[in-house]
Amino acid sequence: MVELIWTIPIFPLIGAALMLLLGRRLPKAAINAICVGSVFTSFLVSAGAVAQNHGGSHEVVLFEWLPLVRAEFGYLLDPLSSVMILVITGIGTLIHLYSTGYMAHEGGYYRFFGYLNLFVFFMLTLVLANNYALLFVGWEGVGLCSYLLIGFYFHKKSAGDAGKKAFIVNRVGDWGFVLGMFLVWTVLGTVKFTELPAAAHHHPVETSFGVLSLTALLLFIGATGKSAQFPLYVWLP
């Protein structure tokens, strides 16, 4: 089962694709079955993979993605990501179930669930990524889905403005993440999580503390935007 961790994000991605391409033609029962079922299937695979992994670390590399920065498109299952995928898929299933009732009489039903499935896909990509570059793809995807869901009622000016506000403020924070990621690559020569400890260990002590501290600060700026902390909290109200 642990070899199948690459399929965990695939199920909600398939659900999102079906909704955004064919959802308009589908009845609500089919939409519910596809979208709730995709996230629940991811939860079952996640639970099996976590149980089989026994708290260890297992990496699945799918293909070489960015040779310049030695970044592969792959997923890493470790104790931290194990907790996160269970939270995302478990709570995500409950959110999808709740939404079938909450959105039952709203327009754009298929579109809403397409966005939700896409959100789950990008969250899973974020927490399973084996390097900063792929994590950033998930990071930006979550930002995109936040924009789509916040501005879901796009015919209302208030919703459209709120979506744009969230998108712009998060892009400001994301510059910190981008700069931190490039600093890691420039100084340590890799953005792959499994290689970073050894690379940092062999870096000169007199410069590593300042560089790593600055990197942590830049990455935190990115997190500040996503989690609406001061001073980038203004999008949340």
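The values are calculated or read from the model by the stated rules, or taken from the named source; none is laboratory data. Everything numeric here is computed off the predicted structure, so don't read it as measured data. Reconstructed Cβ throughout: ideal geometry from the backbone, glycine too, with neighbour counts over all protein chains shown. Note: areas computed on protein heavy atoms with side chains; ligands, DNA, RNA excluded. Shrake-Rupley method; radii C 1.70, N 1.55, O 1.52, S 1.80 Å.
Observations
- Consider the stretch 103-120 and keep the residues that are open to solvent by less than 40 Å² (accessible area, probe 1.4 Å) and either modelled with pLDDT under 95 or not in a helix (DSSP H, G or I) (or both). The one that is nearest to Leu144 (Cα to Cα) is Gly108.
- For the stretch 123-132, a residue qualifies if it is more than 20 Å from Tyr98 (Cβ to Cβ) and open to solvent by 10 Å² or more (accessible area, probe 1.4 Å), and the qualifying residues are Leu126, Val127, Tyr132.
- Taking first residues from the stretch 1-13 that are closer than 19 Å to Ser57 by Cβ and partners that are open to solvent by 70 Å² or more (accessible area, probe 1.4 Å), the Cβ contacts under 8 Å between residues at least 6 apart in sequence or on separate chains come to Met1/Gln52; Val2/Gln52; Trp6/Leu62.
- Remark: pairs (first residue in the stretch 54-73, charged (D, E, K, R); second residue open to solvent by 50 Å² or more (accessible area, probe 1.4 Å); Cβ separation under 6 Å; 6+ apart in sequence or on different chains) = Glu72/Val61; Glu72/Glu64; Glu72/Trp65.
- Only one entry in Gly210, Gly160, Gly176 is assigned to a helix (DSSP H, G or I) and touching a helix residue (DSSP H, G or I) at 6+ places or on another chain (Cβ under 6 Å), namely Gly176.
- Sub-6 Å Cβ pairs linking a first residue in the stretch 82-98 that is at positive phi to a second residue that is at pLDDT 95 or above, at least 6 apart or interchain, number zero.
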